[in-house]
1. Assuming R0 = 45 Å, can you tell me the calculated FRET efficiency for the pair residue 339 and residue 247, based on Cβ-Cβ distance, to the nearest 0.05?
2. Here is the link list: 293/324; 16/139; 23/295; 29/93. Which ones come out longer than 23 Å on Cα distance?
3. Within region 21-56, find all residues whose amide N lies under 17 Å from a label point positioned 7 Å from the Cα of residue 355 along Cα-to-beta-carbon.
4. Please list, in order along region 230-247, the HN-Hα scalar couplings obtained from phi with the Karplus expression 6.51 cos²θ - 1.76 cosθ + 1.60 (θ = phi - 60°), rounded to whole Hz, x for Gly and Pro.
5. Can you sort 273, 8, 130 so the residue with the fewest Cβ neighbours within 10 Å comes first?
6. Under a GNM of the chain (C-alpha, springs under 10 Å), which listed residue has the highest mean-square fluctuation: 67, 291, 140?
7. If I fit a long axis through the Cα atoms of helix 11-23 and take the longest principal axis of the Cα atoms of the chain, what angle between them do I get, 0 to 90°, rounded to 10?
8. Tell me, what ³J(HN,Hα) does each residue in region 145-157 have, in order and in whole Hz, if you take phi through Karplus 6.51 cos²θ - 1.76 cosθ + 1.60 with θ = phi - 60° and put x for Gly and Pro?
Amino acid sequence: MKKEVSFMVNKERMKKTFTDLVKIYAPSKGERQVCNYLKQELRKLGASRIVEDNGGSINGGSSGNLIATFNGNAEGLPSIALTGHMDCVECCKNIEPVLENGVFRSKGNTILGGDDKAGVTAILEGLHLMKESYIPHGKITVIFTVQEEIGLFGSRNLEEEYAKDIDFGYTLDADGPAGSVFIAGPSEYTVDFICHGVAAHAGMCPEKGTSAIAMAALGIAGSPNGRIDEETTCNLGTIEGGTAVNIVPDYCAVHGEARSRSKEKLEKVVAAMEDSFRKAAEKFPEGHLEIKKEKAYDAFTVKESDPVLRLFKSACDAAGFTMKAAPSGGGSDANWFGTKGFPSVLVGVGMADFHTNKENLKEQDLYDAGELVYRIIEAESHFNH
């Protein structure tokens, strides 16, 4: 819900920034060009410090996380972070953005790239408006991460010295119009069940074999799957195994995940998945089972009384946006920022149908996101945390 008279962002500047950014090919591990573009923009905006962490490369990629600091110009105000990610899912080469009837879309068979170039554009516009209006503000740390789309590797590997002295943050990387905010996110485990059997000729001597696929099938059949409750899900998503139809398969791997906003529920559902596969393996004494489990990220939860949400509410009120808070079922950089030392909420920037070639972004949602970033910075000036 937006009030009639709004603060005016520079629409032409935002359109140019957004279209410039989405045209840059920036798959996960290939963010170098967009990183260089953003360094130039942050210099123009007057950042006091601009650095790349991890020596300019994370997980074999072409860039580190980009961190820029804008020193506070008033005492006693909170130190906030504004964050987005530089990478996009694949099918992002040669994006041709078009604006028709107030909606950005991709002209071809690519994604649009609003995830997360809409968030990045909004952050840059908020900083432009901050610079142009000379408002009092506390220290602002801008963090543009890499490899968000392939496992949050950027935020996971953020060097902790850059998370120090940040009171709280806003991660502009969600769907929903301005005012939408996700205040909780789940923990996630990734789980691999690797079934080993004994190969044999399927026509000549199948009784000498032990089918790894049969073991996996029994494990899958007994495992929980899908929505467990309102805050817990699990999914067995991919399976691979076997070499030929005339060979009893000696290998089958099942890859899954489980998520919950409750630590206890997450451990319980993962234990049930493991138990099902172990019981299945017991039925095949000539074979054996390997289980590989990794914590992908920890949950985060923010309360309405927390400063990060109170300031966000003030910003929404000033802009005339209705704050709509909800939990998220997915993981984001906000999960890792909480682990690194500062709470962050996930903020909607209007992206829709992202990760598909139907991705779109309403022009007004982009402008509203830019205004909201400015209003967050502005709200700092009279915020008592």
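Any read-out appearing in this document is the output of simple, stated calculations on the displayed coordinates, not a laboratory observation. As the structure is a prediction and not an experimental result, all values here were calculated from the model. All Cβ positions, even for glycine, are placed from backbone atoms using ideal geometry, and neighbour counts span all protein chains on display.
1. Details: r = 45 Å, r/R0 = 1.00.
Efficiency, rounded to the nearest 0.05: 0.50.
2. Numbers: 293/324 35 Å; 16/139 27 Å; 23/295 34 Å; 29/93 14 Å.
Table pairs above 23 Å Cα-Cα are 293/324; 16/139; 23/295.
3. Output list for this probe position: 27-29.
4. 5, 10, 9, 9, 8, 8, 9, x, 9, 9, 8, x, x, 10, 7, 5, 9, 10
5. On the way: 273 26, 8 9, 130 22.
Going from sparsest to densest Cβ surroundings: 8, 130, 273.
6. 291
7. Its long axis makes an angle of about 30 degrees.
8. Values per residue, Gly and Pro as x: 8, 10, 6, 5, 6, 10, x, 6, 5, x, 5, 4, 9 Hz.
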